[in-house]
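For reference, the structure discussed in these notes is given below.
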Amino acid sequence: MAFPMSQFFLVSVLVGVLFFFCFLEKGFSIEEASWKERHHVVQINTLLPSSSCSSSTKGPKSKASLDVLHKHGPCSQLNNNGKANSIPTHSDILNHDKERINYIHSKLLSSSSSNNNNNNKVEIELDSSSSSANLPAKSGSLIGSGNYYVVLGLGTPKKDLSLIFDTGSDLTWTQCQPCARSCYKQIDEIFDPSKSSSYSNITCTSPDCTQLSSATGNDPACASSTKACVYGIQYGDQSFSVGYFSRERLSVTSTDAIDGFLFGCGQNNQGLFGGSAGLLGLGRHPISFVQQTSKKYYKTFSYCLPSTSSAVGHLTFGGTSNKYVKYTPFSTVSRSESFYGLDIAGISVGGTKLPISSSLFTSGGAIIDSGTVITRLPPTAYTSLRDYFRKGMAKYPSAEALSILDTCYDLSGTKIVSIPKVNFFLGGGNTVELAAPGIIYVASLKQVCLAFAPNGDDSDITIFGNVQQRTLEVVYDVGAGKIGFGYNGCK
């Protein structure tokens, strides 16, 4: 039976319309997929920390794995509902971060200078016969207010201590009784070496004592009464710790312990360290935790910093179980034996590679630092990143700048936000795609800011800070001379 011409025409038109809409739908799906490749589409409420703590570590925990906590979040015992220490404002955190940058710059300058004289060095005499010490009159603020901490055990029997972990520091230290000069307020009971059967002082003549000069930037002193080695370390904001250089049993977990671990037993400590008991040094110097435990953990550690202060990350010693980590060699242009150099070749924003030269990063060098909050870029690179980011965020209303952050938005009127993706291109052809929490700094929904800032000069060192590291599995294989980044290390 033959179709009339009119019916055949109608069927042809309907088929054509169907193909047209299928083409449009396919076109829209391709465009949508391309958009998602270039943007993070996130619910705005996920950018804020909750009022309660939520564990976020993925997969089975290694036996040498510790919980990483943000010291101002609901998971932190240091917070103590705000009673033990005042929680800093976002402006305080960012202003303190500037002091951290000054500390890094001064440390790099002193390490590259043959002149070891420094008028700001700490006087580290501890003997009671000394009438006064030439120490800073004011107690400074923390060496990086966005820091994270872990809990380790010290002594025999073991006493748990909350220590800030810092890849930019080498000496591990804690406050110790009897606090010959002064101790700041901490949540944990102050460690008392007289109650530990495994504690011993390092003598002034020991080769271990001489390592302090390059690790701390201060020559060690010698206690006249006991001939014990005395260390002194001072940070960029005038915070400091002075005490006896010692050996002690350090318990990483209930099954892993390090005997004869070198650490600083602080008798004179000042600074707003957020209620923590001291610092765990994860730098590259022979005195650092990484080097001291090389036979046990093979100079390898990894961590994941959670997306918000209400979640829990991890710090793991030894190999990582994350199969998706891609490695790049450490850069050798960090100008310091303590910091970990990063080889940055370029940056993209929203899928567009910035029109900047890779020499911007090689001339000043680059490091990765767990203690710096906001990534610092050469001004030329920052201006380009900021301008492309602003184009991608043009539909959102702007907000007032926040301290060092000059590109902020009011997102209180939206439920879902599209954030241009930011990728870092590293040496060896590897690419690190930052998670959404690694691109923005959320003070409130009315003030959501681009989490990057410029250095003072293009020749200053680039610093890859901890906001940009959020949710990434960051693996330091110091023995093999490489650093790795993997996705979804924690939430």
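The values are calculated or read from the model by the stated rules, or taken from the named source; none is laboratory data. Computed from a predicted model, the values in this text were never measured in an experiment. Cβ atoms come from the backbone with ideal geometry, glycine included; neighbour counts cover every protein chain shown. What goes into the accessible areas is simple: the full protein's heavy atoms, side chains included, and nothing from ligands, DNA or RNA. Shrake-Rupley method; radii C 1.70, N 1.55, O 1.52, S 1.80 Å.
Observations on the model:
- Members of the range 381-397 found to be under 14 Å from I440 (Cβ atoms) and open to solvent by 10 Å² or more (accessible area, probe 1.4 Å), listed by number: R386, R390, G392, Y396
- Only listed residue being open to solvent by less than 60 Å² (accessible area, probe 1.4 Å) and at pLDDT 80 or above, chosen from C53, C75: C75
- Test: residue in the range 356-365 that is under 23 Å from Y235 (Cα atoms) and touching a residue at least 60 places away in the same chain (Cβ under 8 Å): yes
- Filtered residues of the range 342-375 (kept if among the small types (G, A, S) and closer than 22 Å to K98 by Cβ): G364, G365, A366, S370, G371
- Flag if E400 is over 26 Å from G283 (Cα atoms) and either open to solvent by 30 Å² or more (accessible area, probe 1.4 Å) or of a type in the set (D, E) (or both): yes
- Residues being open to solvent by less than 10 Å² (accessible area, probe 1.4 Å) and in a strand (DSSP E or B) - total across the range 235-249: 7
- Flag for G155 being closer than 24 Å to G283 by Cβ, small (G, A, S), buried (at least 19 other Cβ atoms within 10 Å of the Cβ) and modelled with pLDDT under 95: no
- Whichever residue in the range 424-466 is assigned to a loop (DSSP other than H, G, I, E, B) and farther than 25 Å from S363 by Cα and, among such residues, is most open to solvent (accessible area, probe 1.4 Å): K446
- Top-ranked residue in the range 403-415 [being in contact (Cβ under 8 Å) with a residue 60 or more places away in the chain and in contact with a Phe, Trp or Tyr (Cβ under 8 Å, 6 or more places away or on another chain); ranked as surrounded by the most Cβ atoms within 10 Å (Cβ to Cβ)]: L411
- From the options S310, S276, residue that is surrounded by fewer than 24 Cβ atoms within 10 Å (Cβ to Cβ) and either in contact with a helix residue (DSSP H, G or I) (Cβ under 6 Å, 6 or more places away or on another chain) or closer than 30 Å to I87 by Cα (or both): S310
- Considering the range 335-345, and only residues there that are closer than 21 Å to T431 by Cβ and of a type outside the set (F, W, Y), the residue that is surrounded by the fewest Cβ atoms within 10 Å (Cβ to Cβ) turns out to be A345.
- Of the residues S225, S239, the single one that is under 18 Å from C179 (Cβ atoms) and out of contact with any strand residue (DSSP E or B) (no Cβ under 8 Å at 6 or more places or on another chain) is S225.
- Single residue of S106, S12 found to be within 30 Å of T300 (Cβ to Cβ), modelled with pLDDT of 55 or more and surrounded by 10 or more Cβ atoms within 10 Å (Cβ to Cβ): S106
- In the range 182-198, the residues that are assigned to a loop (DSSP other than H, G, I, E, B) and open to solvent by 80 Å² or more (accessible area, probe 1.4 Å): K185, E189, S197
- S418 vs. criteria part of a loop (DSSP other than H, G, I, E, B) and either surrounded by fewer than 22 Cβ atoms within 10 Å (Cβ to Cβ) or in contact with a strand residue (DSSP E or B) (Cβ under 6 Å, 6 or more places away or on another chain) (or both): no
- Just one of the listed residues (S348, S359, S370) is surrounded by fewer than 23 Cβ atoms within 10 Å (Cβ to Cβ), hydroxyl-bearing (S, T, Y) and touching a Phe, Trp or Tyr at 6+ places or on another chain (Cβ under 8 Å), and it is S348.
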